[in-house]
Amino acid sequence: MLDTVAKLVKVTVSTGYGASDTTIVLASGQGALLPATSFNATYWNSTDYPDPSDDPNSEIVRVTAITGDTLTITRAAEGPRSASTKNRS
């Protein structure tokens, strides 16, 4: 079965998160912009890097659930990078 997609959607997290966090809260109303779960997403520090490919700590996460503006994710879903602390992105 293929993942659902929404092309070029960019959302903003509400605060920074540590490397072990698996629940991410988005800015108000942004959960509705995302497709139905499950899908992969790029997670990076947009406050320091305007493009995720420039961030040495960017990672692919697996979004497994969305409740309102709260995402449940699996960190570092596609390697080779590990989960890391992120600023607001």
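Specify the residue that is farthest from the chain's Cα centre (by Cα); the eligible residues are those in region 68-89 that are under 15 Å from ALA27 (Cβ atoms) and modelled with pLDDT of 95 or more.
GLY68
Would you mention how many residues in region 47-83 are assigned to a loop (DSSP other than H, G, I, E, B) and either of a type in the set (Ser, Thr, Tyr) or surrounded by fewer than 16 Cβ atoms within 10 Å (Cβ to Cβ) (or both)? Step through it out loud before you land on a result.
Of the residues in region 47-83, the ones assigned to a loop (DSSP other than H, G, I, E, B) are 47-51, 55-58, 68-69, 75-83.
Next cut, either of a type in the set (Ser, Thr, Tyr) or surrounded by fewer than 16 Cβ atoms within 10 Å (Cβ to Cβ) (or both) only: 47-51, 56, 58, 68, 78-82.
Selection size over region 47-83: 13.
Find all pairs meeting these conditions: Cβ atoms under 6 angstrom apart; at least six residues apart or on different chains; first residue within region 44-59 and under 11 Å from THR85 (Cα atoms) and free of Cβ contacts under 8 Å to residues at least 40 places away in the same chain; second residue part of a loop (DSSP other than H, G, I, E, B) and of a type in the set (Gly, Ala, Ser).
ASN57/SER84; GLU59/ALA76
Please determine whether any residue of region 23-32 is under 12 Å from the mean Cα position of the chain (by Cα) and at pLDDT below 90.
No, region 23-32 has no match at all.
Before we move on, is SER20 among the small types (Gly, Ala, Ser), open to solvent by 60 Å² or more (accessible area, probe 1.4 Å) and touching a residue at least 60 places away in the same chain (Cβ under 8 Å)?
yes
Collect the residues in region 28-46 that are in a loop (DSSP other than H, G, I, E, B) and surrounded by fewer than 13 Cβ atoms within 10 Å (Cβ to Cβ), keeping them in residue-number order.
Going through region 28-46, the residues in a loop (DSSP other than H, G, I, E, B) turn out to be 28-29, 34-38, 44-46.
If the condition is that a residue be in a loop (DSSP other than H, G, I, E, B) and surrounded by fewer than 13 Cβ atoms within 10 Å (Cβ to Cβ), then SER28, GLY29, ALA36 are the ones that fit.
The values are calculated or read from the model by the stated rules, or taken from the named source; none is laboratory data. What you see is a predicted model, and the numbers here were worked out from it, not measured in a lab. Positions of Cβ are generated from backbone atoms using ideal geometry, with glycine treated the same way; all protein chains shown enter the neighbour counts. Ligands, DNA and RNA are stripped out before the accessible areas are found, and what is left, the full protein with its side chains, is counted by its heavy atoms. Shrake-Rupley method; radii C 1.70, N 1.55, O 1.52, S 1.80 Å.
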